[in-house]
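Student: Here it is, the structure in full.
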Amino acid sequence: THIDMGLLKNIMGELSAMGVTFNLDDYGTGYSNISLISQYPFSTIKVDLSLTWSYFKGENTILPHIVKMIREMGKNVTVEGVETENMAKELKQMNVNDLQGYYFAKPLPPEAFLSYLKTSS
């Protein structure tokens with residue numbers, strides 16, 4: 001599938017000017033790259049769980065640098081794959097805006113999610 005990136009950029013720019021916000025999911029995989037997040041009006045970049053897990057397994061040291069780069073671009077960072085209290089604490093120390101993962105809750109059907117929200121507030 002061919003995507004007209006110029007057209008996409010123009011449409012996103014117009015919608016952004018109207019107050020629409022965009023989030024990029026799964027940063028670090030597929031087509032997501034530094035050029036994409038610097039040229040397009042994404043407000044939040046969600047880092048793929050594969051980067052989270054490999055960092056906490058000691059397989060790479062890139063995650064803190066990715067978080068820092070995204071934050072310095074003025075964007076919010078969400079990190080996927082948070083499974084332990086230690087991971088949550090360390091990611092908060094990295095200045096991650098939002099954490100997502102089984103440490104907080106497993107995926108829920110809509111009714112269970114609404115019930116979860118009522119009991120967790």
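The values are calculated or read from the model by the stated rules, or taken from the named source; none is laboratory data. Fair warning: this is a prediction, and the values are worked out from it, not measured in the lab. Methodologically, a virtual Cβ is constructed for each residue, glycine included, from the backbone with ideal geometry; neighbour enumeration extends over all protein chains shown.
Student: Just give me the residues in segment 14-25 being among the small types (G, A, S) and either surrounded by 11 or more Cβ atoms within 10 Å (Cβ to Cβ) or touching a strand residue (DSSP E or B) at 6+ places or on another chain (Cβ under 7 Å) (or both), in sequence order.
Tutor: Applying the first criterion (among the small types (G, A, S)) to segment 14-25 yields 16-17, 19.
Hit for segment 14-25 is S16, nothing else.
Student: Does I11 count as under 18 Å from the mean Cα position of the chain (by Cα) and either in a helix (DSSP H, G or I) or surrounded by 13 or more Cβ atoms within 10 Å (Cβ to Cβ) (or both)? Give the derivation first.
Tutor: Values: under 18 Å from the mean Cα position of the chain (by Cα): no; either in a helix (DSSP H, G or I) or surrounded by 13 or more Cβ atoms within 10 Å (Cβ to Cβ) (or both): yes.
Judged against the criteria, I11 is not a match.
Student: Quick one: which residue in M87, M12 is within 22 Å of P107 (Cα to Cα) and touching a Phe, Trp or Tyr at 6+ places or on another chain (Cβ under 9 Å)?
Tutor: Details: M12 fails: within 22 Å of P107 (Cα to Cα).
So the residue among M87, M12 that is within 22 Å of P107 (Cα to Cα) and touching a Phe, Trp or Tyr at 6+ places or on another chain (Cβ under 9 Å) is M87.
Student: So which residues in segment 70-112 are crowded, with 16+ Cβ neighbours inside 10 Å and either without any contact (Cβ under 8 Å) to a residue 24 or more places away in the chain or not in a loop (DSSP other than H, G, I, E, B) (or both)? Give the steps one after another, and end with the answer.
Tutor: Pass one, segment 70-112, residues crowded, with 16+ Cβ neighbours inside 10 Å: 70-71, 75-82, 87-88, 90-91, 94, 96-97, 99-101.
The answer is I70, R71, N76, V77, T78, V79, M87, A88, E90, L91, L99.
Student: Further question on the same structure: Between residues in segment 14-41 that are part of a strand (DSSP E or B) and residues that are modelled with pLDDT under 90, which pairs lie under 8 Å by C-beta distance while being six or more apart or on different chains?
Tutor: These pairs meet every condition: L24/S32; L24/L36; D26/S32.
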